[in-house]
1. So which residues in the range 127-141 are closer than 25 Å to R59 by Cα and surrounded by fewer than 22 Cβ atoms within 10 Å (Cβ to Cβ), if there are any at all?
2. Within 10 Å of the ligand (Cβ to nearest atom) and either aromatic (F, W, Y) or assigned to a loop (DSSP other than H, G, I, E, B) (or both): does that describe G65?
3. Can you work out which of the residues in the range 86-98 that are loosely packed, with under 15 Cβ neighbours inside 10 Å and in contact (Cβ under 8 Å) with a residue 24 or more places away in the chain is farthest from the chain's Cα centre (by Cα)?
4. Checking V122 against (1) within 9 Å of the ligand (Cβ to nearest atom); (2) on the phi > 0 side of the Ramachandran plot, only one condition comes out false. Which one?
5. Checking M24 against (1) modelled with pLDDT of 95 or more; (2) out of contact with any Cys (no Cβ under 7 Å at 6 or more places or on another chain); (3) outside any strand (DSSP E or B), only one condition comes out false. Which one?
6. Being surrounded by fewer than 19 Cβ atoms within 10 Å (Cβ to Cβ) and either part of a loop (DSSP other than H, G, I, E, B) or in contact (Cβ under 8 Å) with a residue 40 or more places away in the chain (or both) narrows it down to one residue among G53, G12; which is it?
7. Could you tell me whether V39 is more than 10 Å from the ligand (Cβ to nearest atom), modelled with pLDDT of 95 or more, crowded, with 24+ Cβ neighbours inside 10 Å and assigned to a helix (DSSP H, G or I)?
Amino acid sequence: MDEVVVRRRADGATELRVNGVFVMDDVETSSERLLADHVLRSGAREVLVGGLGLGYTARALIDGGATRVLVAELHPEVVQAVADGAGAGPIDDPRLEVVVDDVAEVVRTLPADGLDAICLDVDNGPDFLVHPGNAAIYGPEFIAGCVAALRPGGVLAVWSMADSRTLRGTFAEHLHDVTGTAVPVTLQGRDETYWILSGRLPHR
Ligand SMILES: C[S@@+](CC[C@H](N)C(=O)[O-])C[C@H]1O[C@@H](n2cnc3c(N)ncnc32)[C@H](O)[C@@H]1O
């Protein structure tokens, strides 16, 4: 059983930790919001998000005009914290549905050709896992499942702490326009680069 803590730090920031490992805080959330903007810019309106976190991607999708946002979040404590106002919460909007489940399970149940985009931000990327069980999320079988759930022209976008040639290669087996967008961020005075890796299904 994972130990999930959402807490207010001494510096006033809200922080999410799982099993003692830092997942995110609400200090620098530009890359989480960019993940949403990336798919909105492609015209996506019906979107699956893997990982609620502190709600910034989901909030940006709703505020940016998405008509349906389905979020799969592993931990009920995270869903409750955002509902109680942590991070970008509460997000009281009928267009948003949050299910407490592994996104891998949710993708398995999705109908084919039903979504405009899938945004995945469940972990730090393929090479820096917080949950070892999430390795499969970056693997060929799961990516193929996501692709099957997308409409023609649909977009798959993944947040990652680093660029990944392997993940780009997996994307390229199914998707066109595979790109990596570098997102410069400053974390506690340090300059870092996060990545949005994405690809698009051809239009029919
Ligand atoms: C980095 S946070 C997401 C941040 C989010 N993009 C935001 O804007 O705040 C990762 C989230 O994914 C959740 N998570 C981890 N593995 C998951 C999985 N396999 N399925 C669904 N959610 C998962 C974690 O509990 C955590 O809430």
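The values are calculated or read from the model by the stated rules, or taken from the named source; none is laboratory data. Bear in mind the structure is a predicted one, so any value in this text is a computation, not a measurement. Methodologically, a virtual Cβ is constructed for each residue, glycine included, from the backbone with ideal geometry; neighbour enumeration extends over all protein chains shown.
1. The initial filter retains those residues of the range 127-141 that are closer than 25 Å to R59 by Cα, namely 129-131, 134, 137-138.
Listed by number, the residues that qualify are L129, V130, H131.
2. Values: within 10 Å of the ligand (Cβ to nearest atom): no; either aromatic (F, W, Y) or assigned to a loop (DSSP other than H, G, I, E, B) (or both): yes.
No, not satisfied.
3. That would be D93.
4. (2)
5. With (1) modelled with pLDDT of 95 or more; (2) out of contact with any Cys (no Cβ under 7 Å at 6 or more places or on another chain); (3) outside any strand (DSSP E or B) applied to M24, the lone miss is (3).
6. Numbers: G53 fails: surrounded by fewer than 19 Cβ atoms within 10 Å (Cβ to Cβ).
When all the criteria are applied, what remains is G12.
7. Working: more than 10 Å from the ligand (Cβ to nearest atom): yes; modelled with pLDDT of 95 or more: yes; crowded, with 24+ Cβ neighbours inside 10 Å: yes; assigned to a helix (DSSP H, G or I): yes.
Answer is yes for this residue.
Here is a yes/no grid of residues against (1) touching a His at 6+ places or on another chain (Cβ under 6 Å); (2) assigned to a strand (DSSP E or B); (3) of a type outside the set (D, E); (4) closer than 24 Å to V69 by Cα:
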residue	(1), (2), (3), (4)
V122	no, no, yes, yes
V147	yes, no, yes, yes
G180	no, yes, yes, yes
G199	no, yes, yes, yes
